[in-house]
Amino acid sequence: QCTEPQKLFNIANELLHTEEAYVKRLHLLDQVFCTKLSEAGISSEVITGIFSNISSIYCFHGQFLLPELKTRITQEWSVNPRLGDILQKLAPFLKMYGEYVKNFDRAMDIVNTCMQRSSPFKDVVQNIQKQEVCGNLTLQHHMLEPVQRIPRYELLLKDYLKKLPEESPDRKDAEKSLELISTAANHSNAAIRKMEKMHKLLEVYERLGGEEDIVNPANELIKEGHIQKLSAKNGTAQDRYLFLFNSMVLYCVPKLRLIGQKFSVREKMDIAGLQVQEIAKQNVAHTFSITGKKRSLELQARTEEEKREWIHVIQATIEKHKQNSETFRAFNSSFSQEEEHLPDSSIASTSSVESMPGTDGGGTLGGSDSSRKSSKSKRDKEKQACKSCSESFNSITKRRHHCKQCGAVICAKCSEFKPLADNSRHNRVCKECFLQLPASPCSPGVEAVGEQKKRLAAEKQSILAAENSLFSSYLQFLEKGKTWYKMWVTIPKSEPLVLYLQGSSQDGRSPRPIPLPGYEVSLPGSGEKFEVKHVFKLCQSHQTLYFSAEEEELQMKWMEILTKAAKGETEDTAEGLSNP
């Protein structure tokens, strides 16, 4: 049996070995997949959309965390057997993982779309996947590694703390590390569950030979299995296979192949309007039928238990789909009523102009209808992006909502729930209205949440205030296009390796965090010309951020501070510096 100190060393050694393997995976993503796709001419927008901030994550682990773990465990463990102090340094970098995990769903969508529609993209990815370094795993599997890494730190730390003596000098640091890492692990675990669901769909998609486009975040595989289909002509049983999804049933014919397509889709039946029931047939046991809008199938299970399970699962899926549809219809109804009460001056003004004598409309009904269509089209275009974060809406991962207080078009991420004066229900409102609205007296719990939100907002503003920062000032900022924006730029004392960008208080956006390790700080190249003066830039992989200072002295100060932070240096960063 191992002694307690030996058990602690074994855990530390396991952490080191898994960290070495993890850094190799990050190298594969950043230096192989990312680089080869870029060399193949794939646009930087697509590459950034897929790999997000993987360069920062790779830089931190490869240049900072792994070397520290290696030195501690292989050279210093006999005199300083500790892990908590090193892992606590991971805390400021959890923001990097938050950004990667938040982008993960979108990244999966882009990969799936590009694999289907872009031959150069598909060729590069498949060529790399054939290499030994990939271990017969897909790009999507390797992209999951950063999402899985945080929960693994959590498990190792829990095991380490169980074996760590109460009086150990490392206990306090280890407990603090576990607290910070566990919070981040919750977000990663949710992304892992989504990824597992997507992998199931990809697997079924390949087994169907790509006949049905089922790889969609809205789809969920509920049940699959062999079944017998009873012929309507002579009652003979034929081998078939069912895939039950949350929105459809795929009725398939098995193909006797060792590789490639395993099933051919014979019928696709929507869950909406589907009926399932037990049937009794002479000389045939365990039978039931499913009836859709276009076709009815008589099926036979192998056992009575299997039959009941199919009927139960299909019926439960039908009921759940009905409930979701009713909820959606109720939402649409309230949404339509909202639209009717929203002020629309463009419609009124255009209609009144067209109804004036001498105009082409001539006051006719047709002219008025035309103007309404035109105005509605214009209004719809204006509502294609969230008011707060400016990200475009889509029907799956970025749904459109309305603030029940001011009518602004927002996404779920930029909204909160609060009871309004005219009802006791929780209504979706934008964050700005959430902070401004008084809480309902009948809802003390919500009032507490509102106070908490105010406190968190105040704390964030306090962190970004000049007196709480290592260095801060106003700078002009440019990321894409030609428009420069004035930003309050700060490095908080509490997070010395994170740069925050804050726009005007009226734009409703949260401060944007930029973890600095992994970025290169430099002046613009000879081919980069700008109208503004004193420009410097932050570069990382395929992302470049430009800043412009009012004076050369301020430009030099920022470049010095950012260069140190990009190398992971926090000590003495603020020595001799004062905020302008």
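Sort 117-126, 150-159 by the packing proxy (mean of other Cβ within 10 Å over each peptide's residues), most packed first.
So the order, starting with the most tightly packed, is 150-159, 117-126.
Quickly work out the Asn234-to-Ser78 label distance, labels modelled 7 Å from Cα along the C-beta direction, and quote it in nm with one decimal.
8.4 nm
Give the Cα extents of segment 463-567 along the principal axes, in whole Å, largest first.
Computed over segment 463-567, the largest-to-smallest principal extents equal 38, 33, 28 Å.
For the pair Phe9/Lys70, report the inter-label distance in nm, with labels modelled 7 Å from Cα in the Cβ direction.
Here the answer is 2.1 nm between the modelled labels.
Put Ile222, Ile214 in order of accessible area, largest first, 1.4 Å probe: what do you get?
Largest accessible area first, the list is Ile222, Ile214.
Using the structure shown, list the pairs from Lys322/Lys404; Lys36/Lys122; Lys200/Lys268; Lys89/Lys172 with a Cα-Cα distance above 22 Å, or answer none.
Check vs 22 Å cut-off fails for Lys322/Lys404.
In terms of solvent-accessible area of protein heavy atoms at a 1.4 angstrom probe, what is the ranking of Cys114, Cys403, highest value first?
Cys114, Cys403
The values are calculated or read from the model by the stated rules, or taken from the named source; none is laboratory data. Every value quoted in this text rests on a predicted model; they were computed, and no experiment measured them. No Cβ is skipped: glycine too gets one built from the backbone with ideal geometry, and neighbour counts run over all protein chains shown. Heavy atoms of the whole protein, side chains included, go into the accessibility calculation; ligands, DNA and RNA do not. Shrake-Rupley method; radii C 1.70, N 1.55, O 1.52, S 1.80 Å.
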